[in-house]
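The values are calculated or read from the model by the stated rules, or taken from the named source; none is laboratory data. Keep in mind that what you see is a predicted model, and the values were worked out from it rather than measured. We place every Cβ from the backbone using ideal geometry, glycine too, and count neighbours over all the protein chains shown.
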Amino acid sequence: MIACEGLSIRQGQFRIDGISLNIPMGAYGVLMGATGCGKTTVLEAICGLRRPAAGRILVAGEEVTHRPPGARGLGYVPQDGALFPTMDVRSHLAFAPRVQGWPRSAIAARAADLAGRLGIGHLLDRRVQGLSGGERQRVALGRALAARPAALLMDEPLSALDESARAGMITLLRAIQRDEGVTVLHVTHNPIEAEALADLRLTLADGRISG
């Protein structure tokens, strides 16, 4: 599960006051809202990239409010993917398990399994430069899932894709979420994505969450 309790965030003149949300274990939650309403700010606070002014953040039932980003049990796909241009696809999929000290054999097996299910097995030895937008998003998703996080956060993961690639990614996201059993919080402003993916649909407006 992913939960925020009374979360307040300050950023210059921008503020979010006392929001709460709860995505149950294994559910696919979608957070909607207009551009600039603070959706990314909420994700960054949950990830540990932005310090809240007040409130609590819980992942899988444990409070993580003051833990560093790498100790929260989260996978994160930022809006631009934030891939490493000099690394190949295999290295992206191995990155988080290697940081966490997995055995080499387990890292290799996990990378191969994810690559197969994400449809990027033929790209494992390719650098991410030159990959299509859809391929890059699959790599970013695989990297975020590689260390088996308790929850997955995604910031507008389909916004840069054309209609055909977006439809394919929607199908893939639902399938991989079910297979992994991971709790998801997906930020978007696109109602079609929300309708296709959400078990739970939330809206952020005027610094408040409803839904």
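Among the residues of segment 88-126, what is the count of those that are out of contact with any helix residue (DSSP H, G or I) (no Cβ under 8 Å at 6 or more places or on another chain) and either surrounded by 14 or more Cβ atoms within 10 Å (Cβ to Cβ) or in a helix (DSSP H, G or I) (or both)?
Here the count works out to 8.
With the requirement that a residue be more than 17 Å from the chain's Cα centre (by Cα) and either under 23 Å from Leu114 (Cβ atoms) or in contact (Cβ under 8 Å) with a residue 40 or more places away in the chain (or both), what does segment 165-195 give you?
Passing the criteria: Ala165, Ala167, Gly168, Pro191.
With the structure loaded, tell me whether Gly142 is touching a strand residue (DSSP E or B) at 6+ places or on another chain (Cβ under 6 Å) and within 30 Å of Cys37 (Cβ to Cβ) or whether it fails that test.
no
Just to be sure before I move on: is Leu141 buried (at least 21 other Cβ atoms within 10 Å of the Cβ), part of a helix (DSSP H, G or I) and either touching a Gly at 6+ places or on another chain (Cβ under 9 Å) or of a type in the set (Ser, Thr, Tyr) (or both) in the structure I sent?
Spelling it out, Leu141 is indeed buried (at least 21 other Cβ atoms within 10 Å of the Cβ), part of a helix (DSSP H, G or I) and either touching a Gly at 6+ places or on another chain (Cβ under 9 Å) or of a type in the set (Ser, Thr, Tyr) (or both).
Residues are listed down the side, and each one gets a yes or a no for (1) out of contact with any Ser or Thr (no Cβ under 7 Å at 6 or more places or on another chain); (2) touching a residue at least 24 places away in the same chain (Cβ under 8 Å); (3) polar (S, T, N, Q):
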position	(1), (2), (3)
Met1	no, yes, no
Asp17	no, yes, no
Ser20	yes, yes, yes
Ile23	no, yes, no
Gly26	no, yes, no
Ala34	yes, yes, no
Thr41	yes, yes, yes
Leu49	yes, no, no
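Residues that are closer than 23 Å to Pro97 by Cβ, at least 1 per element: which strands (runs of 3 or more DSSP E) completely within segment 1-77 meet that?
The strands (runs of 3 or more DSSP E) meeting that bar are 2-11, 54-59, 74-77.
Sort through Arg201, Arg178, Arg174 and tell me the only one that's out of contact with any Lys or Arg (no Cβ under 9 Å at 6 or more places or on another chain), of a type outside the set (Val, Ile, Thr) and farther than 30 Å from Ala109 by Cβ.
Among Arg201, Arg178, Arg174, only Arg201 is out of contact with any Lys or Arg (no Cβ under 9 Å at 6 or more places or on another chain), of a type outside the set (Val, Ile, Thr) and farther than 30 Å from Ala109 by Cβ.
Take the residues in segment 177-200 that are at pLDDT 95 or above and over 22 Å from Thr35 (Cα atoms); name whichever of them is surrounded by the most Cβ atoms within 10 Å (Cβ to Cβ).
Thr183
For Ala160, are the conditions met, namely being of a type in the set (A, V, I, L, M, F, W, C), out of contact with any Pro (no Cβ under 6 Å at 6 or more places or on another chain), at negative phi and in a loop (DSSP other than H, G, I, E, B)?
Against the criterion (of a type in the set (A, V, I, L, M, F, W, C), out of contact with any Pro (no Cβ under 6 Å at 6 or more places or on another chain), at negative phi and in a loop (DSSP other than H, G, I, E, B)), Ala160 qualifies.
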